[in-house]
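The values are calculated or read from the model by the stated rules, or taken from the named source; none is laboratory data. Because the structure is predicted, anything quoted here is derived from the model rather than measured. A quick note on method: Cβ atoms are made from the backbone with ideal geometry, for glycine too, and the neighbour counts reach across all protein chains shown.
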Amino acid sequence: MRLFHKHIVWAFFFASLSMVATQIQAQAQAQGQVLAPQTPQRGIAASKHNLSTTGLHTNHLIGEASSGFGQGEICIFCHTPHGANTSIAAPIWNKGSPTPGVALYQSYAVTNSATMDSTTVGPGSISRACLTCHDGTQAMDNMINAPGSGGFAPGGARLAGAVWTGALADGLMPGGNLNPTIVTMLGTDLRNDHPVGMNFCGGSLTPNVPGNCADNDFPLAHTNGAGRFWIEGGAAVAGVQTPSSLSGPGFQKTDLPLYATNQVECATCHDPHSTERTFLRRVGANNNSGMCLTCHAK
Ligand code: HEC
Ligand code: HEC
Ligand code: HEC
Ligand code: HEC
């Protein structure tokens, strides 16, 4: 009787052990399922925005005096954990800004268009962040907080001993573009580029409120009701953050955010961390002009 009892106890013991094992396996599988769809959202390391010594494309550092880049720091070209530039509205931005108050940029050529409704107010902060490299006026290794301990220069300074594969010796994006087949260096003359720094839905009834678009050429922007607006960039992508506080479709990485007073900026269309072709936010990039058609009802 006692033996039989023991047997049952052991049977329970082994049964519960195997249940735990099954649970762990199920958890691992579930985690695998959650992680798998996120993969395309990642991978800046393999993109053209990896400017560290581990970069795989035309342009990245091959030499420097500090040890940080030898360790392949990628984010540091744009972000610093401490001491960032707060005059550029990009998060913890690690580069100095062009002289404040200087009208550096020439905006989209309205004179070439009889139909442009909104006024371009010039590139907003987030576009200025992109332009710290893409206007070709500032060295790409210019940073406020160099890697490692020390190297803090509040106005930004070049990295000692920086040697590039593609950039000019002074670290600038060359006028002729790093790669002759890419319009990389936009310069400060943005008259020949898609407008940035203008309100979405130019014909807005109430300025700065995309929800009040008067222009039927554009879809309504979505909002979280707390001053954040975006344009739906496509179907929900599993594993991508959707604030649980929202009832409708939340903002996702593949949506097109509007900045400041609901303006279209470089980062409305591009996610600088994306592995989508040409860093476009929308899944499928601009296949079938899907990017353009997300905003323009044509
Ligand atoms: C080429 C410049 C560049 C590099 C390199 C870069 N970022 Fe960013 N990052 C930006 C810009 C610009 C924004 C703001 C764009 C936006 O509003 O989504 C941003 C926003 C972010 C955000 C907040 C918005 C979001 O998408 O979640 C996080 C987090 C972030 N970066 C993390 C990183 C990390 C981590 C790395 C390095 C692995 C990195 N970034 C490298 C330019 C860069
Ligand atoms: C630290 C410098 C730096 C910053 C800041 C930066 N870029 Fe770039 N970007 C580069 C370099 C370098 C390349 C590669 C150019 C080449 O190979 O010719 C590049 C390439 C690109 C390309 C072309 C990709 C392709 O496949 O042809 C796009 C689009 C782009 N960047 C958009 C942006 C946007 C939008 C921002 C701001 C959100 C930004 N970049 C900020 C350095 C930068
Ligand atoms: C309205 C959307 C939109 C805005 C705003 C925008 N871009 Fe683009 N950009 C695109 C699209 C779409 C492409 C890809 C075109 C293609 O597939 O040929 C592109 C391509 C590029 C390229 C690669 C150029 C090439 O054809 O070789 C660079 C670099 C770039 N963008 C940088 C920027 C920067 C910097 C800004 C801000 C000043 C900006 N973009 C603003 C939509 C936009
Ligand atoms: C994030 C939304 C968005 C995306 C994506 C977008 N645009 Fe635009 N585009 C606008 C807005 C807003 C204007 C300003 C329109 C106005 O005020 O009349 C504009 C202006 C233009 C203009 C000038 C209109 C004029 O009357 O002078 C053209 C042409 C244009 N876009 C074409 C394109 C093409 C082509 C693409 C894809 C490569 C594209 N756009 C992608 C929002 C967008």
- Go through T188, T165 for me and flag whichever is surrounded by 14 or more Cβ atoms within 10 Å (Cβ to Cβ), away from ligand 4 (no atom under 16 Å from the Cβ), hydroxyl-bearing (S, T, Y) and closer than 25 Å to V121 by Cβ. T188
- Task: Say whether the condition of being without any contact (Cβ under 8 Å) to a residue 24 or more places away in the chain and over 30 Å from S113 (Cα atoms) is met by at least one residue in the range 170-192.
- Result: no
- Which residue pairs have Cβ atoms under 7 Å apart, sit 6 or more places apart or on different chains, and have a first residue in the range 281-293 that is under 19 Å from E265 (Cα atoms) and a second that is of a type in the set (G, A, S)? R281/G233; R281/S274; R282/G233; R282/G234; R282/G290; V283/G234; G290/G284; M291/A285
- Item | The lone exception for G83 - which of (1) on the phi < 0 side of the Ramachandran plot; (2) modelled with pLDDT of 85 or more it fails | (1)
- Counting only residues that are under 9 Å from L61 (Cβ atoms) and within 16 Å of ligand 3 (Cβ to nearest atom), how many does the range 151-166 have? 0
- Note on the structure: Counting only residues that are at pLDDT 80 or above and loosely packed, with under 14 Cβ neighbours inside 10 Å, the range 91-105 contains a total of 1
- Query: If you take the residues in the range 115-145 that are in a helix (DSSP H, G or I) and in contact with a Phe, Trp or Tyr (Cβ under 9 Å, 6 or more places away or on another chain), which one is farthest from ligand 2 (Cβ to nearest atom)?
  - Reply: S125
- Message: Here is a check on your reading of the model: is T278 surrounded by fewer than 20 Cβ atoms within 10 Å (Cβ to Cβ), at pLDDT 90 or above and closer than 26 Å to I182 by Cα?
- Response: yes
- Message: One residue is enough: does the range 23-44 have a residue meeting the conditions outside any helix (DSSP H, G or I) and modelled with pLDDT of 50 or more?
- Response: yes
- Message: Between a residue in the range 255-270 that is in contact (Cβ under 8 Å) with a residue 24 or more places away in the chain and on the phi > 0 side of the Ramachandran plot and any residue that is of a type in the set (S, T, N, Q) and part of a strand (DSSP E or B), which pairs come within a Cβ distance under 6 Å, given they are 6 or more apart or on different chains?
- Response: N262/N199
